[in-house]
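Enquirer: This is the structure I want to talk about, given as structure tokens.
The values are calculated or read from the model by the stated rules, or taken from the named source; none is laboratory data. Fair warning: this is a prediction, and the values are worked out from it, not measured in the lab. Neighbour counts run over all protein chains shown; Cβ positions are idealised from the backbone, glycine included. Note: areas computed on protein heavy atoms with side chains; ligands, DNA, RNA excluded. Shrake-Rupley method; radii C 1.70, N 1.55, O 1.52, S 1.80 Å.
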Amino acid sequence: MGRSASHIALECALQCQPNICLVSEEVEAKEMSLDDVVSYIAKIVATRAADGNNYGTVLVPEGLIEFIPAIKKLIAELNEVLTDPATGEPRAFASAEEQIAFVKSSIEPANLAILESLPADVARQLCLDRDPHGNVQVSLIETEKLLSRMVAVKLAEWKKEGKFNGKFSAQHHFFGYEGRCAAPSNYDADYCYSLGFNASRLIAAGKTGYMSVIKNTIAPASEWIAGGVPITMMMNLERRNGAMKPVIRKALVELDGAPFKYFASKREEWARQTAYVYPGPIQYWGPSQVCDQTTKTLWLEQSK
């Protein structure tokens, strides 16, 4: 799934039916600005307030900020200027202030304007925090707080204009580490066991350079189909540390796929109504249709 794709946010939306779920791939496809995203959230907040519903839930994918076209261009240039062209390694600076000053003196005026339009703490995170590949660590950028602060400003303006009659106060929670620490379901355990066993069979057959794959995963585990895909067929070139390098291509949410289309058909209803669903705790014992459930994303992708 990775930090970039919105698969996890989309699956959570399909499971729980929140009032708003942002999908990074759609934001990029529609070339939405940061203000467009903020206005979208604010309009739903204002509509719910007018209906007497002064509460709501918003799901924000971890990598959203790097899918907003203007910020994506800014991040791409930051990744370039903070990489030493001679070594391909991140540039070294004596202090954070020196690094920020170097960035501001090196990037294009349009990107500098975007950087200076952001709250100081977000701009600082963009300039300073890098991962081992030299890229911005989007998981350290508190996108949800950035959005809620901007939504609060937008709603305050609308209140003066008579367009909003409610109150707005946000509570935030980052689920990244909790999600990664959750206990596996029966489906997770069966799937991972099958991947590992299949990988051992590929090695035993002398098929190196393959990725283990399991298909037909919405059927009972006894009907799953094992196979292998050459890793080279999954790769493309991406810029890392200032150079083009072969990496496995990101598997992003497909906007013409069944899971997103189903979500898109329901989100206006979920935005206006309070249609929350509590999936309940993971079930390990009982009927197979209860304790061996696959994800809603896979079910929508594979079901006829």
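Enquirer: Report whether or not Ala9 is crowded, with 17+ Cβ neighbours inside 10 Å, under 16 Å from the mean Cα position of the chain (by Cα) and in a helix (DSSP H, G or I).
Expert: yes
Enquirer: Across the stretch 252-289, what is the total count of residues that are touching a residue at least 60 places away in the same chain (Cβ under 8 Å), more than 22 Å from Val58 (Cα to Cα) and touching a Leu at 6+ places or on another chain (Cβ under 9 Å)?
Expert: Of the residues in that region, 0 qualify.
Enquirer: Among the numbered criteria (1) open to solvent by less than 70 Å² (accessible area, probe 1.4 Å); (2) part of a loop (DSSP other than H, G, I, E, B); (3) at pLDDT 90 or above; (4) at negative phi, which single criterion is violated by Gly52?
Expert: (4)
Enquirer: Here are Glu77, Glu66, Glu26: which of them is at pLDDT 95 or above and charged (D, E, K, R)?
Expert: Glu26
Enquirer: Go through the stretch 206-216 and give me each residue that's over 20 Å from Ile248 (Cα atoms) and modelled with pLDDT of 95 or more.
Expert: none
Enquirer: Also, I was wondering about something else. Of (1) within 30 Å of Val38 (Cα to Cα); (2) surrounded by 18 or more Cβ atoms within 10 Å (Cβ to Cβ), Ala76 satisfies all except one. Which?
Expert: Going through (1) within 30 Å of Val38 (Cα to Cα); (2) surrounded by 18 or more Cβ atoms within 10 Å (Cβ to Cβ) one by one, Ala76 breaks only (2).
Enquirer: For the stretch 106-208, give me every one of the helices (runs of 4 or more DSSP H) that falls completely inside it and has 1 or more residues that are of a type in the set (Phe, Trp, Tyr), closer than 18 Å to Val38 by Cβ and in contact with a Phe, Trp or Tyr (Cβ under 9 Å, 6 or more places away or on another chain).
Expert: Ranges flagged: 143-160.
Enquirer: Name the residues in the stretch 57-73 that are crowded, with 19+ Cβ neighbours inside 10 Å and either on the phi > 0 side of the Ramachandran plot or not hydrophobic (A, V, I, L, M, F, W, C) (or both), would you?
Expert: Answer for the stretch 57-73, where residues must be crowded, with 19+ Cβ neighbours inside 10 Å and either on the phi > 0 side of the Ramachandran plot or not hydrophobic (A, V, I, L, M, F, W, C) (or both): Pro61, Glu62, Gly63, Glu66.
Enquirer: Right, here's the next one. Out of the residues in the stretch 157-200 that are more than 30 Å from Pro220 (Cβ to Cβ) and open to solvent by less than 50 Å² (accessible area, probe 1.4 Å), state the one that is nearest to the chain's Cα centre (by Cα).
Expert: In this case the residue turns out to be Gly176.
Enquirer: I've got another one for you. Which residues, counting only those in the stretch 152-191, are within 14 Å of Ala49 (Cβ to Cβ) and polar (S, T, N, Q)?
Expert: Scanning the stretch 152-191 gives Asn165, Ser169.
Here's the yes/no breakdown for (1) touching a residue at least 12 places away in the same chain (Cβ under 8 Å); (2) part of a helix (DSSP H, G or I); (3) more than 19 Å from Glu161 (Cβ to Cβ); (4) touching a Lys or Arg at 6+ places or on another chain (Cβ under 7 Å):
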position: Gln15; (1), (2), (3), (4): yes, yes, yes, yes
position: Glu26; (1), (2), (3), (4): yes, yes, yes, no
position: Ile41; (1), (2), (3), (4): yes, yes, no, no
position: Ile44; (1), (2), (3), (4): yes, yes, no, no
position: Thr47; (1), (2), (3), (4): yes, yes, no, yes
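Enquirer: Go through the stretch 229-278 and give me each residue that's under 20 Å from Ala5 (Cβ atoms), out of contact with any Cys (no Cβ under 8 Å at 6 or more places or on another chain) and among the basic types (Lys, Arg).
Expert: Those that are under 20 Å from Ala5 (Cβ atoms), out of contact with any Cys (no Cβ under 8 Å at 6 or more places or on another chain) and among the basic types (Lys, Arg): Arg239, Arg240, Lys245, Arg249, Lys250, Lys261.
Enquirer: Sticking with this one: When you check Phe93 against the structure, is it without any contact (Cβ under 8 Å) to a residue 12 or more places away in the chain, of a type outside the set (Lys, Arg) and open to solvent by 30 Å² or more (accessible area, probe 1.4 Å), yes or no?
Expert: In short, yes.
Enquirer: I'd like the full set of residues that are crowded, with 19+ Cβ neighbours inside 10 Å and of a type in the set (Gly, Ala, Ser), limited to the stretch 17-45.
Expert: Ser24, Ala42
Enquirer: Any residue in the stretch 150-171 that is of a type in the set (D, E, K, R) sitting within a Cβ distance under 8 Å of a residue that is open to solvent by 100 Å² or more (accessible area, probe 1.4 Å)? List the pairs, counting only those 6 or more apart or interchain.
Expert: Lys159/Asn165
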